[in-house]
Amino acid sequence: MQLKGIFTNKPSSFRVVLLLFIMLISVMIHTAIASRLISIFGYNDTLMIYDLTNQVYVNCLKFMQLFSAIGLFITPILLFSYLTNYNLKFQNINRQNIMLVVAIMFLIVPFIELLLQWNIMINFPEWLMQFNIDSDELITAFLQMDTIGDLLYTLLIIAVVPAIGEELLFRGYLQQKLGCVLNNKHIAIVLTAFFFSAIHLHFNGLIPRFVLGVLLGYLFYWSHSLWMPILAHFLNNAQAVIFSYSIFKIEDGPYSLLSESKVDPSMAIFSLASVILLLYILYQNIKIKKADAIG
């Protein structure tokens, strides 16, 4: 039986329900597989006691995180795309634009850190903070890496899988869907960025994550390629991992994830100005490429 595109002509509401159903079943199956594998390797008892100082326990949590993220984001969207012929827009991007994205994501860090400092000063309502998930302790445990193998494993969990999975869902599906429903790409970008930030349930990072979401949204909108926001998302997360590893570790400043020092506003202004300039160059490059393709 040919399953590719089997639900292409179904109503939009049916396809939304289908995606939610696939996500639910997928995350259940992936979590069950991860739990079973942990049990087979004899680490089931390890998960019974919450202890972030126990590296075996942390590694088990990483394993569970890996499978649940794949099950929640990657598998469902790819399967949904296959069953409905949904175009996720995996267009190629050229080398120059790749280098511009690398520069943008490196230079934007001080500005994002300043936004984070401002965000932390906001007093959110008590009722809202009940939903807040403080993941700082868990992330700190995940970033304890002793070997290159630990570094690569952590990059996979914190940078590779979230970059692919979250961009598949938010930019690949939700932003495109909202753009069609609202008939306004810019509102779709902003709304998607809000959902992207809010779903993490970490209110101390709500504003900087929203700004990054808007940036990712426009990278996708301009380039019409999901590879662009995936690359930017990966670089954003990967910097935190790489600069926490012993060989490359940065102890202080905006590029140190655990730094408590204040960001120099002049550095943040330079960061923002540099990013705006590079975004303009990137936008012009993409426009020229499109014009050449048409011509």
Accessible surface of the chain [probe 1.4 Å, protein heavy atoms]: carbon and sulfur percent: 68
Enumerate the amide H contacts of Gly5 below 5 Å, restricted to partners 5 or more residues apart or on another chain; note that Pro and chain-start residues carry no placed amide H. Leu83, Thr84, Asn85
Interchain or long-range residues, amide H under 5 Å from His200's placed H: none
Along principal axes, Cα extents of the stretch 25-124, largest first, whole Å: 48, 45, 32
Sorting check: for 104-116, 149-161, which peptide has the highest mean count of neighbouring beta carbons within 10 Å, and how do the rest follow? 104-116, 149-161
Can you classify the stretch 174-295 as rounded, prolate or oblate using the Cα gyration tensor, where a ≥ b ≥ c are the square roots of its eigenvalues, rounded means a/c under 1.5, and otherwise it's prolate if a/b beats b/c and oblate if not? prolate
Quick one: if the Förster radius is 30 Å, what FRET efficiency do Leu52 and Ala103 give, using the C-beta to C-beta distance and rounding to 0.05? 0.30
Rough spin-label spacing in nm, given labels placed 7 Å along Cα→Cβ, for Leu37 and Thr8: 3.4
Once Rh is set to the Kirkwood radius over Cα pairs, what Stokes-Einstein translational diffusion coefficient, in µm²/s, holds for the stretch 88-185 at a temperature of 20 °C and a viscosity of 1.002 mPa s? 123
Tail fraction, Cα-Cα pairs, the chain, threshold 30 Å, whole percent: 37
May I have the extent of the alpha carbons of the stretch 65-142 along their three principal axes, as whole Å values ordered from largest to smallest? 44, 33, 26
If the chain between Gln284 and Asn183 were fully stretched, how many nm would it gain, using 0.36 nm times the residue separation less the Cα-Cα distance? 33.9 nm
Between Phe248 and Gln91, what is the FRET efficiency for a Förster distance of 30 Å, r being their Cβ-Cβ separation, to the nearest 0.05? 0.40
For the stretch 1-78, the Cα gyration tensor yields equivalent-ellipsoid semi-axes (√(5λ), largest first, whole Å) of 35, 12, 9
Taking 0.36 nm per residue of sequence separation and subtracting the Cα-Cα distance, how much length would be gained by fully extending the chain between Phe131 and Leu257, in nm to one decimal? 43.0 nm
Quick one: Kirkwood hydrodynamic radius for the stretch 188-252, alpha-carbon pairs, angstrom, one decimal? 12.9
With a 1.4 Å probe and every protein chain left in place, work out the accessible area per residue of the chain in Å², rounded to a whole number. 55
For the stretch 135-227, report the translational diffusion coefficient in µm²/s to the nearest whole number, using Stokes-Einstein at 10 °C, 1.306 mPa s, and a Kirkwood Rh over Cα pairs. 111
Just by accessible area at a 1.4 angstrom probe, what is the order of Trp118, Trp227 from largest to smallest? Trp118, Trp227
Specify the residue with the greatest mean-square fluctuation among Ile139, Ile33, Ile122, computed from a Gaussian network of the chain linking alpha-carbon atoms under 10 Å apart. Ile122
Among the lysines, select those whose C-alpha is under 29 Å from the C-alpha of Lys289, and discard any that sit fewer than 8 residues away in the same chain. Lys89, Lys177, Lys185
At a Cα cut-off below 23 Å, give the lysines reachable from Lys62, other chains included and same-chain residues fewer than 8 away excluded. Lys249
Relative contact order (%) - criterion: Cα under 8 Å, at least six apart; region: the chain: 24
Grab the DSSP H runs of the chain that are 4 residues or longer, score each as -39,500 (n - 2.57), total them, divide by all residues and round the 222 nm result to the nearest 500 deg cm²/dmol. -20500 deg cm²/dmol
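The values are calculated or read from the model by the stated rules, or taken from the named source; none is laboratory data. Just so it is clear, the structure is predicted and the values come from calculations on it, not from any experiment. Here the Cβ is made from the backbone with ideal geometry for all residues, glycine too, and neighbour counts use every protein chain on show. What goes into the accessible areas is simple: the full protein's heavy atoms, side chains included, and nothing from ligands, DNA or RNA. Shrake-Rupley method; radii C 1.70, N 1.55, O 1.52, S 1.80 Å.
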